[in-house]
1. Full extension from residue 129 to residue 96: what is 0.36 nm times the residue separation minus their Cα-Cα distance, to one decimal in nm?
2. Could you please state, rounded to a whole Å, how far the C-alpha centre of segment 157-190 is from the C-alpha centre of segment 111-127?
3. Given a 1.4 angstrom probe, I'd like the percentage of the accessible area of segment 114-164 that is carbon and sulfur, rounded to a whole number.
4. What distance in nm separates the simple spin-label points at residue 179 and residue 108, each placed 7 Å from Cα in the Cβ direction?
5. Taking a label point 7 Å from the Cα of residue 65 along the Cα→Cβ vector, which residues of segment 145-168 have an amide N closer than 11 Å to it?
Amino acid sequence: MNRVPGDAENAHSSSVESCPSLRDVHSINPAQLMARIESYEGREKKGISDVRRTFCLFVTFDLLFITLLWIIELNVRMVNKLLFSIPNYMLFLLAVFRFKVLILAYAMCRLRHWWAIAFTTAVTSAFLLAKVIISQLFSQGAFGYVLPIISFILAWIETWFLDFKVLPQEAEEENRFLIAQDASERAALLHPGVLSDGQFYSPPESVAGSDFLY
């Protein structure tokens with residue numbers, strides 16, 4: 001019977017330790033909390049995150065780089081035969097296809113799923129695999145196999161960057177915003193008397209000499 005208070009103390013201490021977030025709310029500075037929430041809201045108003053913008057720039061680089069290599073190959077083969085550059089023209093169209101789908105999905109529609117990048121990467125990989133099996137790449141010179149390899153590498157770098165950088169970082173920022181918003185609501189409930197900016201309390205003036213009446 002004498003062990004009940006001790007058990008109650010242990011249960012109370014374990015419950016307090018299991019809820020560190022509630023203890024943290026007491027120590028939250030309301031000004032810092034509101035500044036953090038406003039920074040998250042500013043990112044939402046900006047429309048597109050920095051990491052997603054970096055991904056879109058890399059997709060644009062993919063298109064421009066493949067276009068540049070194809071134009072160089074076109075100029076090199078212009079001396080001998082223009083027809084040899086027609087198969088690699090499909091690689092240029094493939095880069096245009098990736099650019100249009102990914103920019104539409106992740107820049108304009110702001111998609112938060114990997115299905116679009118999975119689709120473009122699968123189409124690119126299948127086309128390049130068929131090209132390697134069917135066509136005679138080594139008979140077309142260095143550009144015959146350099147362009148497919150570079151196109152394959154760029155497509156998979158885009159997939160890795162979106163799946164391991166863009167989507168997890170945006171999800172983490174969204175979770176931080178929700179946690180900060182929830183903490184602000186809890187702080188408002190736990191500290192209802194906290195004065196906001198612009199609110200002041202001035203005590204009533206005492207009557208002069210009132211301390212000496214008695």
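1. 10.0 nm
2. Answer, in whole Å: 25.
3. Working: 2370 of 2880 Å².
It is 83 percent, rounded to a whole number.
4. That separation, rounded to one decimal, is 3.6 nm.
5. 150-158
The values are calculated or read from the model by the stated rules, or taken from the named source; none is laboratory data. The structure displayed is predicted, hence computed values, not measured ones. Methodologically, a virtual Cβ is constructed for each residue, glycine included, from the backbone with ideal geometry; neighbour enumeration extends over all protein chains shown. Side chains are part of the model used for accessible areas, which takes the heavy atoms of the whole protein and leaves out ligands, DNA and RNA. Shrake-Rupley method; radii C 1.70, N 1.55, O 1.52, S 1.80 Å.
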